[in-house]
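Q: My questions will all concern the structure given below.
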Amino acid sequence: MAVATAAAPADAALGSARGLTAFAAALTLFLLVFRLVAASNGPLFFDEAYYWQWSTNLQAGYFDHPPVIAWFIRAGTLIFGDTPLGIRAMPSLSAALCVLAVWGIARRLTGDARVAAWTAIFANLTGIAVLSFVAWPDEPMVLAWLAAFYALVAIYRGGSPGWWIVAGAMIGLAGASKYIALFLAVGLFAWTLTEPAMRRWYLTRWPWLALVAAAVVISPVLLWNAANGWPSLVMQTMRDGLEISQAESLRTYITNTLLISSPPVVVLALVALVRGPHRRLWLSIVPFAIFLGVFSQGDEVGVPWVGPITYFVALAAGLAMAPRLRWWSGALAGLAMVLGLGVTLAYYTVLSLPLSIAATLPDPGKPFRGWPDVARGVEALRVANGAGYIVTDRYFHPGYLKLELGVDAPVFNLNNPGYDAAYGLWRRWNGFPSATPDMMDEKAIFLGPGEVAALYYDSVTRLDPV
């Protein structure tokens, strides 16, 4: 009788963990499908058109970012064509893999299936998860960072030393996605250095082999930069576009991070910070969070940049659900699900609606709609006016136009005058057909303000708006 009584709670706990894990898996799959639907129907954001153009000419580097996002997009367009779904397929899948990685980290770290399931649920409910169908360099960066994090946790829990090589390679891949991954690497180093069970590894060859692996993975990007005058590294140091006060920029960064991470999830994460047994883990994200705070004093922090913080917050919130669910933690988890699913379903639904319906609603995609019509209209003007080419003053215009008119359409980007001294009158697009100064003697259709065109052309005739 005593044996049967003792086994019952264990069986109940096991059943609860299985049910929660099944729910987390179903939620992840459901949101992946919904995300793909929104990805295929929603308008492309500015940067997505820009990165798609990169993907049509794969290289080891580009003017202002490392190359992995271009390779990500190319993988999707090989399957689904040069469509919104093709451009966004890999980022959408990457978001689901990020949830799986966070689940794996929690499972390895705690050995508790319930905690891991809650972690995956929370990771699905953040604002970053909502935006994760967008093709930004942050998606592959976060996935690679989480993979490195998982490898180090595996070592921490007694895994093979070969995980060090995996961690190093993934850090290199994160850096080949976005340079700010350097601060994520610093955070992982800080955690391993302060965790006694990890610190002893630095007396062995494995962490140093990991460093070699990271260098090998990112070396093509560095060699490309060296061969082309370090354009993307220079570009990333030229960001000084702060149009609000420094105090307001910092407040915006902090507020956006809290809101995107989901306030109920943030509260649970703070509980884990104060009470939990894994407090040193916070060192893994602190350098990155501090860097973004410092960056906010010179330029505004982009919304997708806080992705690593939100996934870490989801991980910490999951840890707060152990050893058992309390009324307050259950209430916060329920509120997080209501808010997360509500925002996600509303956002994706509006994006997927045609403009005729979405125009009557608060439409987050409104600034990005209508570009196929614009492309056809501008091309018609080019033909009607006998112009040899189309030139624009915005970095994303050529991508939008070429998506509709074809990769080989005569569309060029006019350099921002602020970069002329460093990069010449016409920006060299590193492998793309480049406009040259002598083309200013030809007739062109300029997509942009007439006063900007007048800086480069002898005469400017304003045409009817498209």
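The values are calculated or read from the model by the stated rules, or taken from the named source; none is laboratory data. Since this is a predicted model, take the numbers as computed values, not measurements. As a convention, Cβ positions derive from the backbone with ideal geometry for all residues, glycine included, and neighbour counts pool all protein chains shown. Accessible surface is based on the protein model in full, side chains and every heavy atom, while ligands, DNA and RNA are left aside. Shrake-Rupley method; radii C 1.70, N 1.55, O 1.52, S 1.80 Å.
Q: Out of residues 5 or more away from Leu447 or on other chains, whose amide H comes under 5 Å of its own, with H placed 1.01 Å from N in the peptide plane?
A: Here the answer is Val391, Thr392, Asp393, since their amide H atoms fall under 5 Å of that of Leu447.
Q: For region 95-190, what does the equivalent ellipsoid look like in terms of its semi-axes, each the square root of 5 times an eigenvalue of the Cα gyration tensor, given largest first in whole Å?
A: 20, 20, 9
Q: Let me ask something else. Quantify how much of the Cα-Cα distance distribution of region 210-277 extends past 14 Å, in percent.
A: Numbers: 1750 of 2278 pairs.
Across region 210-277, Cα pairs with separations above 14 Å total 77 percent.
Q: OK, next. Calculated FRET efficiency, Arg200 and Thr255, Cβ-Cβ r, R0 56 Å, to nearest 0.05?
A: Numbers: r = 41 Å, r/R0 = 0.73.
According to the calculation, E is roughly 0.85.
Q: Working from Cα positions, state the angle (0 to 90°, nearest 10) between the long axis of helix 263-275 and the longest principal axis of the chain.
A: Around 50 degrees separate the two axes.
Q: Place a +1 charge on the Cβ of each Lys and Arg in region 162-258 and a -1 charge on the Cβ of each Asp and Glu, then give the dipole magnitude about the Cα centre in debye, rounded to the nearest 20. Write down the numbers at each step before the final one.
A: Values: 6 positive and 4 negative charges, 75 e Å.
Approximately 360 debye in magnitude.
Q: Tabulate in residue order the Karplus-calculated ³J(HN,Hα) for region 159-174, using 6.51 cos²θ - 1.76 cosθ + 1.60 with θ = phi - 60°, rounded to whole Hz; enter x for Gly and Pro.
A: Computed from phi, the couplings for region 159-174 are x, 4, x, x, 4, 4, 5, 4, 4, x, 4, 5, 5, x, 5, 4 Hz.
Q: Could you check the spin-label model distance between Leu335 and Lys366? Points 7 Å from the Cα along Cα→Cβ, value in nm.
A: About 3.1 nm separates the two model spin labels.
Q: Taking just the alpha carbons, could you work out the radius of gyration and Dmax for region 37-108, both in angstroms?
A: 13.6, 40
Q: Please compute, over every Cα-Cα pair in region 353-396, the percentage with a separation greater than 17 angstrom.
A: 49
Q: Let me ask something else. What is the Cα convex hull volume of region 199-326 when expressed per residue in Å³?
A: Expressed per residue, the convex hull around the Cα atoms of region 199-326 is 147 Å³.
Q: For the chain, what does the accessible surface come to per residue with a 1.4 Å probe? Please give it in Å².
A: 44
Q: Between Glu243 and Leu211, 0.36 nm times their residue separation minus their Cα-Cα distance comes to what? Each step should come with its number before you reach the end.
A: Numbers: separation 32, 0.36 × 32 = 11.52 nm, distance 3.87 nm.
Length gained, Glu243 through Leu211: 7.7 nm.
Q: So if we plug the beta-carbon distance of Arg18 and Gln297 into 1/(1 + (r/R0)^6) with R0 = 56 Å, what FRET efficiency do we get, rounded to 0.05?
A: Plugging the Cβ-Cβ distance into 1/(1 + (r/R0)^6) gives 0.70.
Q: Please state the charge dipole magnitude for region 1-151, taken about the Cα centre, from unit charges on C-beta atoms (+1 on K and R, -1 on D and E), reported in debye and rounded to the nearest 20.
A: Working: 7 positive and 8 negative charges, 86 e Å.
Roughly 420 debye, rounded to the nearest 20.
Q: While we're here: Taking K and R as +1 and D and E as -1, what net charge do the other residues with C-beta under 11 Å from the C-beta of Thr194 add up to?
A: It works out to a net charge of +2.
Q: Could you pull the Cα extents of region 253-380 along its three principal axes, largest to smallest, in whole Å?
A: Extents along the principal axes, in whole Å: 65, 37, 17.
Q: In addition: If you split all Cα-Cα distances of the chain into 10 Å bins from zero, what percentages do you get per bin, shortest first?
A: Using 10 Å bins, I get a P(r) of 4, 18, 27, 25, 14, 7, 3, 1, 0, 0 for the chain.
Q: Here's something else I'd like to know. Tell me the carbon and sulfur percent of the accessible area for the chain, rounded to whole percent, probe radius 1.4 Å.
A: 67
Q: If you place +1 on the Cβ of every Lys and Arg, -1 on the Cβ of every Asp and Glu, and leave all else neutral, what size is the dipole of the chain about its Cα centre, to the nearest 20 Debye? Mind dumping the intermediate values first?
A: Numbers: 29 positive and 27 negative charges, 449 e Å.
For this selection, approximately 2160 debye.
Q: Now for a separate question. Could you calculate the FRET efficiency of Ala380 with Arg326 from 1/(1 + (r/R0)^6), where r is the beta carbon distance between them and R0 is 45 Å, rounded to 0.05?
A: E(calc), rounded to 0.05, equals 0.10.
Q: When the helix-only estimate is applied to the chain (DSSP H runs of n ≥ 4, each -39,500 (n - 2.57), divided by the residue count), what is the mean residue ellipticity at 222 nm, nearest 500 deg cm²/dmol? Don't skip to the answer; put the middle values down first.
A: Numbers: 22 runs with 297 residues, N = 466.
Helices in the chain give a 222 nm mean residue ellipticity of -20500 deg cm²/dmol.
Q: With viscosity set to 1.002 mPa s at 20 °C, what whole-number translational diffusion coefficient in µm²/s follows for region 25-182 from Stokes-Einstein and a Kirkwood radius over Cα pairs?
A: Reported coefficient: 133 µm²/s.
Q: Follow-up question, since we're still on this one. Kirkwood Rh and Cα-based Rg: tell me the resulting Rg over Rh for region 321-404, rounded to two decimals.
A: Taking Rg over the Kirkwood Rh, I get 1.32.
Q: Counting pairs of alpha carbon atoms under 8 Å apart in space and at least six apart in sequence, what relative contact order in percent does the chain give?
A: Relative contact order here is 18 percent.
Q: How far, in nm, would the chain grow between Ala25 and Ser160 when pulled straight, counting 0.36 nm per residue and subtracting the alpha carbon separation?
A: Working: separation 135, 0.36 × 135 = 48.60 nm, distance 2.74 nm.
Gain in length upon complete extension: 45.9 nm.
Q: Something else now. Explain nothing, just compute: Karplus ³J(HN,Hα) = 6.51 cos²θ - 1.76 cosθ + 1.60, θ = phi - 60°, for every residue of region 112-122 in order, whole Hz, x for Gly and Pro.
A: Ordered by residue, 3J(HN,Hα) equals 10, 5, 5, 4, 4, 5, 4, 4, 5, 4, 4 Hz.
Q: Pop out the ³J(HN,Hα) list for region 288-297 in order, Karplus 6.51 cos²θ - 1.76 cosθ + 1.60 with θ = phi - 60°, rounded to Hz; leave Gly and Pro as x.
A: Taking θ as phi minus 60°, the curve returns 5, 4, 5, 4, 5, x, 5, 4, 4, 7 Hz for region 288-297.
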